Every structure is written in C-alpha cells, then in structure tokens.
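Report on the following structure.
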Amino acid sequence: MDTLTLKLRGMSCASCGHNIEEAIQSVPGVAECNVNFGAEQATVEYDSRKTNLEKIQDAVEAAGYSAYSLQGQEMVTGEDDVHIAARKAESRNLTRKIVVGGIISVLLVIGSLSAMTGLKLPLIPAWLSNQWFQLVLTAPVQFWCGYGFYINTWKSLKHHAATMDTLVALGTSAAYFYSVFATLFPGFFINQGLMPEVYYETAAIVITLILLGRLFENRARGQTSEAIRQLIGLQARDARVIRNGREIDVPILEVQIGDVILVRPGEKIPVDGEVISGESNVDEAMVTGESLPVKKQPGDEVIGATINKTGAFKFQATRVGKDMFLSQIVKLVQQAQGSKAPIQRLADQVTGWFVPVVIASAIATFIIWFDVMGNLTLALMTTVGVLVIACPCALGLATPTSVMVGTGKGAENGILIKGAESLEIAHKIQTIVLDKTGTLTEGKPTVTNFVTVNGTAHSNELKLLRLAASVERNSEHPLAEAIVRYAQSQQVDLVNVQKFEAIAGSGVQGIVEDRLVQIGTQRWLSELSIDTHALEESKVTLETAGKTAVWITVDGKIEGLMGIADALKPSSAAAVRALRKLGLEVIMLTGDNRSSAVAIANEVGITRVFAEVRPDQKVQTVQQLQAEGKLVAMVGDGINDAPALAQADVGIAIGTGTDVAIAASDITLISGDLQGIVTAIQLSRATMRNIRQNLFFAFIYNVAGIPIAAGILFPIFGWLLNPIIAGGAMAFSSVSVVTNALRLRNFKPKVTS
C-alpha cells in the first residue's frame with residue numbers, strides 16, 4: 001500500500017468531508033481514506049497497481065470539490081503556495097461580500113423597523129420601507145453574496161448528498177422567495193385575512209452573518225497550522241558551499257550530498273551533516289527542545305536549522321531536501337495533523353446523517369405550525385430558523401483542530417507525535433516501562449574495572465583486551481562500544497574476527513587467532529556450562545556498586561571480567577518523580593543483571609524492576625502487563641527495544657536512539673530528555689480535555705438549538721427564536737470551537753524538580 005496526502009478545496013462543513021471520504025473510498029484500489037475537515041486534507045492508503053493520484057483526484061472533483069497532492073516540493077520545504085493563495089483569495093472575497101451584505105442589511109433593518117415595532121417612525125424614509133425597493137436591494141445579497149451556497153448545493157445534490165450550504169440555501173431562499181411572493185401577490189394573503197409580511201432583512205442578515213462566521217473561521221483555522229509555519233521558518237535560505245576551492249552562496253535547495261559547507265558564528269546551519277573541521281557550540285533548542293548549546297567537533301552530527309553560536313566550522317552535507325531532519329519533522333507533524341482520533345468517530349457518524357435529519361426536522365416543523373396550528377408566519381420563521389441554526393461544522397472541527405494544535409505544540413517541545421490515535425491513547429496510559437541503557441542512562445557506558453583470572457599483569461590484560469575488543473568491534477551494542485573505546489585508550493591493535501555471532505540478550509562470540517572468544521552475561525555462560533566461580537567475588541563487588549559485569553571467556557574458560565558503568569541522565573530521577581505524581585506506575589526493564597538494575601532503579605526511585613530480560617522477552621513482559629488490564633507505554637532507544645515499542649499501547653522512542661526504534665514508536669522524544677515523557681502525557685491530557693470541551697459545546701449547541709428554533713418554547717413562553725439570531729449563533733458556533741482549540745497554544749509543560 002502507498003500513502004498519499006491530498007490538500008482539499010471547496011469544503012464548507014464537516015458533511016463535505018464525509019462526502020469526499022465516501023467518494024475516495026469508492027475508487028477501486030483505495031483501502032482507507034481519512035478526511036480531516038480542520039486540516040483540509042485527506043490521507044489515502046491505496047494499491048498503486050489498481051489506482052493512482054489522477055483517479056483519486058477525479059473522484060474528488062466528481063463529488064464537487066478539488067484536490068492536489070502534497071507530495072512534492074511543498075512537502076520538502078512546507079511551502080504550500082497554492083493553498084495559502086487560495087485561503088487569502090477566499091478571505092478577500094468573503095470580506096467584499098460581508099461589506100456589501102452588511103451595508104444592505106443595515107438599510108433593510110432600518111426600513112423594516114416600522115413593520116417590526118408596529119410604530120410609525122417619521123425619521124425613516126418611506127422608500128426604505130417600500131417592499132419593492134427591499135426586493136431589489138436584497139437581490140445582490142441573496143444571489144451574489146449567497147452565490148456560493150447555491151453552487152455548492154447544486155454540486156452536492158447532483159451527487160445525491162447534502163451539506164451545510166444546502167441548509168443555508170434552503171433557509172434563506174424560503175425567507176426571500178416567500179417575501180417576493182408576498183410583494184408580488186399581496187391580495188393572496190389579504191383574501192385570507194393575513195398581512196402580506198416580508199422578511200427580506202432576515203435573508204440578508206442570515207447570509208451576511210454566516211459569511212462573517214466563515215471569515216472568522218477561515219482565519220482561525222489558519223492559525224492551527226502555526227506550528228508548521230514556525231518549523232518551516234527555522235530553515236536557512238542559503239548555504240555557503242566550498243566548491244573548487246571557492247566559497248559561494250547557493251540556495252538551500254541546490255545543496256547536494258557531499259558538499260562541504262562553512263558556517264560562521266551566529267549563522268543557521270543549512271542542512272544536516274557531519275563536522276569535518278573546527279569546533280563550536282550549537283543551539284539546537286528550536287529542533288530538539290534542548291535548552292543548553294551542544295558542543296560540536298569533528299565527527300559530530302549537526303542538524304539543519306539549528307544555530308551556530310561561537311566558533312566557525314566546516315561540515316559535509318549528509319542529508320538534504322526532504323531527507324533532512326527538519327523536513328522529516330514537518331512531514332510527521334503534517335501526517336499527525338491529518339490523522340483522526342478514535343474519539344472523532346462518533347462525530348463523523350453524526351455528521352453523516354446530520355443534514356438529511358435537519359431537513360426532515362424543518363419539514364416537520366413547517367407541517368406542525370402550518371397544518372396543525374394554522375399559523376403560516378410561525379411556520380415560515382421556525383422552518384427558516386431550524387435550517388439556518390443547524391451546523392455540523394462545530395462537530396467536524398471539534399477534534400481535528402485540537403489535534404492540529406496539540407501535535408504542533410508537541411513539535412515545539414521536541415516531541416513528535418505520529419498520529420491522533422497515539423495522542424488520544426497517551427492520556428489513558430497507566431504504566432510506563434522504561435528501558436535502562438540509553439533511556440534512563442546516557443547510553444554511553446565506560447569501562448571502569450578490568451580484572452583477569454591470571455592476575456593484574458599488564459601484558460595479560462592487554463592480550464585478553466585485544467581478543468575481547470576485536471570481537472566487540474562487530475557489535476552495535478553500547479557495552480560493546482565501551483569495550484572498544486577502552487581498548488583504543490590502551491592503544492591496543494585490533495585484529496580480524498571470523499564467524500562473528502551476536503546472541504540477542506546474551507552476548508557475542510567469534511574466532512580470533514584460532515581461539516573462540518565469548519563475551520556476555522553470566523546467565524549465558526551458565527547455559528554454556530562455563531564455570532565463573534573464579535571471579536564471582538569481583539562480580540558481586542561490581543554489581544553492588546551498580547555496574548554491569550561483562551564476562552570474557554577464551555576457548556570455554558573464564559579469563560576476565562569487566563565492570564561497565566553508565567551514568568544516569570540528569571533528568572531521569574526528576575522525570576520518574578513527575579510520572580509518579582501523574583498517577584502512573586513506573587517500571588524499569590533491562591537485560592542487565594538484577595543487582596546492577598536494582599541499584600540504578602533505587603537511584604531514580606523505581607520500585608518494580610524486570611532484569612535479565614532478553615529482547616524477545618521484552619515483548620512478553622509488555623504483554624504480561626497488558627494482560628493485567630493496564631494500558632502500557634514503552635520507552636526505549638535501541639534496536640532490541642523495537643518489538644516492545646510496537647507491542648505497547650504507546651511506544652515512545654528516544655530520538656537519540658536507532659532509526660528502527662524510532663520507526664516502531666508512536667511518539668519520539670527528539671532530545672532524549674526524559675522530561676519529554678512527562679510533557680507528552682501532560683499534552684495528551686490537555687488535548688483530550690480540550691476535545692471533550694469542544695464536543696460537549698458542539699453537541700449541546702445542536703441538541704438545544706434545533707428544538708428552540710423549531711419553536712418548542714413558543715407555547716409556554718410565547719417566545720420565538722428569530723432566524724437572524726439563529727443565523728448568528730450558527731455562524732459563531734464553529735468559531736467558538738476553533739477558538740477553544742487555539743487555547744492549547746498556551747500549553748506549557750509543568751516541570752517537576
């Protein structure tokens with residue numbers, strides 16, 4: 001399956017999104033389609049052997065809308081010129097129509113004051129109250145300002161669908177054409193003992209208010225993508241590239257992999273790369289959330305869009321364009337903002353049948369008031385009120401706008417949330433499982449102790465170290481890197497290894513100079529029936545100090561033992577305390593021995609520890625916790641954590657870890673600071689609280705508004721909801737939901753010391 005992201009145009013309400021979703025899903029080869037009304041985009045999973053972009057676009061256009069792909073340069077740079085231009089043009093068009101509609105509406109209201117109050121108002125010119133003048137005056141509002149309602153209604157009806165535009169067109173047309181009929185044939189009403197009343201001002205004001213609401217909504221929804229625009233704004237525009245011995249400035253899009261780039265103090269780093277000369281401190285806060293500058297020297301990686309603070313340096317470009325770290329962040333945030341949260345399903349189901357039910361309710365309202373009660377005026381006003389007050393937009397916007405702002409806010413804090421479902425589930429998490437190495441600890445262990453069976457003679461140590469480090473050089477494990485670094489510090493020359501093999505969760509082995517060298521855990525050596533008694537006392541001493549004991553055997557005999565320590569991250573203890581304050585159970589999961597694991601756990605305040613767990617058993621441990629009825633989040637950084645990250649209800653990867661772990665996770669902490677876990681949980685809870693508020697207001701608005709507009713209070717209090725008020729309420733319902741969602745932009749993580 002391939003995934004396609006489409007930007008949509010022409011949607012006016014959540015029902016439009018439902019119609020587009022159905023149109024795309026009807027295309028053969030499409031497996032799934034999610035339309036996000038708030039983000040105005042669709043995410044489509046399809047079989048490229050059966051369909052393609054053109055066919056999907058044709059289906060959208062056949063439904064009366066338009067779509068264009070976000071797979072191109074705009075996904076690299078985030079520039080969405082077509083959509084930005086369209087949004088600005090729509091705002092200008094709405095503004096013109098609102099100004100015209102507003103002026104005409106004021107004139108119509110002034111001209112109708114005498115009729116509405118039953119008083120003769122001498123200051124009002126007679127020509128303003130003339131029904132023929134009002135007919136002509138209202139026509140531009142009805143057919144120019146309201147043109148879009150009619151066009152969209154016609155498009156939807158051609159495809160046997162109905163939208164919010166259908167309701168507005170029906171409601172305002174009922175008021176306008178009833179007034180036209182009363183103006184043209186007043187005798188029809190007089191013969192029945194009725195006054196030929198007109199409601200031109202109602203039609204004009206309702207259209208103007210709805211357009212005003214859409215203008216506010218259009219501008220407010222534009223602000224929900226502020227995080228994306230801020231991320232894009234971080235990029236440098238140019239790069240100073242060294243080519244043929246000359247320094248030249250080129251646009252960032254022309255930088256190629258392998259180019260050598262010079263960065264001076266205060267400049268932005270244009271693309272991702274590796275430092276080849278010079279040293280500096282780099283401010284990575286805007287990308288990783290890390291507050292302190294990070295020292296960079298030859299061999300270190302640098303990230304595009306970060307700021308060089310002190311020294312000048314040269315680096316070689318390793319990732320450019322859409323492969324850059326920042327571009328990947330933008331893409332992930334866009335995907336997350338276009339995804340749907342499970343809580344939105346109810347709203348989607350409601351909007352699917354909302355408009356037909358409203359139309360049926362309006363018809364029933366008219367029949368009851370006119371046929372049963374015999375009151376044509378009440379029948380008309382209540383019918384118009386029902387049609388114009390009903391709005392599925394608030395329901396459609398309730399979830400996606402909050403998700404857009406929430407995921408954007410996460411990116412600002414160095415937290416990448418891959419989808420709305422992950423954001424929703426995170427707030428329900430009961431148990432957090434933390435890997436030790438690279439998660440709670442720095443992931444840069446160092447050898448602190450080295451003892452051999454043959455004593456402390458330097459020559460014996462170096463011989464054994466050469467064998468062990470030669471084997472470990474073939475492993476990616478952090479402990480292996482520590483052993484290799486230690487050997488290099490002792491100026492030991494490494495040799496080639498034959499038949500290297502890594503035994504997951506146990507150790508490594510290989511043939512070095514015709515000798516079988518095995519390095520790993522005591523448990524593994526016991527399984528191999530190798531006696532470790534000779535160094536048992538040293539092992540106990542190391543593990544009591546919280547160090548990891550790594551055993552070395554040659555030809556099946558124990559020869560040495562290394563003590564390796566991995567310092568705790570400064571944020572680990574505070575993060576664990578904060579997680580516990582949030583009511584979460586915190587568990588440590590590690591392949592390390594129990595004594596060392598418990599010592600580390602005690603330092604950070606974790607009481608439940610799963611130690612000596614092999615990678616395949618990590619999945620089983622997560623499953624065991626899930627079987628206890630808990631929603632589990634797994635936090636890890638290594639390749640061996642990937643299966644457990646995928647198994648957990650929410651997988652949280654440390655961004656400084658492996659690509660495999662990040663790919664298997666639902667949430668990525670870019671900086672590796674564990675405070676990011678706390679922030680992610682707090683953000684999830686704040687977002688879900690915001691979504692529930694939006695859904696409550698949206699449902700209450702429609703549940704209460706439609707019966708009131710239908711005149712349910714009239715028999716009791718003699719009070720009828722004026723269609724003008726109904727139109728105003730409808731217009732601002734979606735604006736209120738979006739505005740509430742925008743409050744999430746003020747979210748700030750609560751840091752616990």
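The values are calculated or read from the model by the stated rules, or taken from the named source; none is laboratory data. The shown structure was predicted, so the numbers you read here are calculated from the model rather than taken from an experiment. Glycine also receives a Cβ, built like all others from the backbone with ideal geometry; neighbour counts cover every protein chain displayed. To get the accessible areas, we keep the full protein, side chains included, count just its heavy atoms, and leave off ligands, DNA and RNA. Shrake-Rupley method; radii C 1.70, N 1.55, O 1.52, S 1.80 Å.
Search the range 622-666 for residues being modelled with pLDDT under 75 and closer than 24 Å to Pro342 by Cα, and hand back the single one that is most open to solvent (accessible area, probe 1.4 Å).
Ranking the candidates gives Ala663 first.
Applying the selection to the range 483-493, what residues are over 20 Å from Ile558 (Cβ atoms), open to solvent by less than 40 Å² (accessible area, probe 1.4 Å) and either in a helix (DSSP H, G or I) or modelled with pLDDT of 90 or more (or both)?
Passing the criteria: only Val484.
Filter the range 144-163 down to residues that are surrounded by 14 or more Cβ atoms within 10 Å (Cβ to Cβ) and basic (Lys, Arg), then give me how many there are.
1
Quickly run through the range 221-252 and pick out the residues that are modelled with pLDDT of 80 or more and exposed (fewer than 13 other Cβ atoms within 10 Å of the Cβ).
Of everything in the range 221-252, those that are modelled with pLDDT of 80 or more and exposed (fewer than 13 other Cβ atoms within 10 Å of the Cβ) turn out to be Arg237, Arg243, Asn244, Gly245, Arg246, Glu247, Ile248, Asp249, Pro251.
Counting only residues that are outside any strand (DSSP E or B), out of contact with any helix residue (DSSP H, G or I) (no Cβ under 8 Å at 6 or more places or on another chain) and either small (Gly, Ala, Ser) or open to solvent by 90 Å² or more (accessible area, probe 1.4 Å) (or both), how many does the range 495-521 have?
Total satisfying the criteria: 1.
Can you tell me which residues in the range 476-509 are in contact (Cβ under 8 Å) with a residue 12 or more places away in the chain and at positive phi?
Lys499, Gly505, Gly507
Starting from the range 88-114, take each residue that is surrounded by fewer than 21 Cβ atoms within 10 Å (Cβ to Cβ) and list its partners that are not in a helix (DSSP H, G or I), counting only C-beta distances under 7 angstrom and pairs at least six apart or across chains.
So the pair list comes out as Ile110/Ile124; Leu113/Leu121; Leu113/Ile124; Ser114/Lys120; Ser114/Leu121; Ser114/Ile124.
If we only count strands (runs of 3 or more DSSP E) wholly inside the range 1-81, which ones have 3 or more residues that are farther than 27 Å from Gly304 by Cβ, at pLDDT 85 or above and not acidic (Asp, Glu)?
Of the strands (runs of 3 or more DSSP E) lying wholly inside the range 1-81, those with at least 3 residues that are farther than 27 Å from Gly304 by Cβ, at pLDDT 85 or above and not acidic (Asp, Glu) span 30-36, 41-46.
Being closer than 22 Å to Thr399 by Cα and crowded, with 19+ Cβ neighbours inside 10 Å is the filter here, so list the residues in the range 35-53 that pass it.
Residues satisfying the conditions are Val35, Asn36, Phe37, Gly38, Ala39, Glu40, Gln41, Ala42, Thr43, Val44.
Taking the condition of being modelled with pLDDT under 85, more than 30 Å from Phe325 (Cβ to Cβ) and open to solvent by less than 10 Å² (accessible area, probe 1.4 Å), how many residues in the range 669-701 meet it?
1
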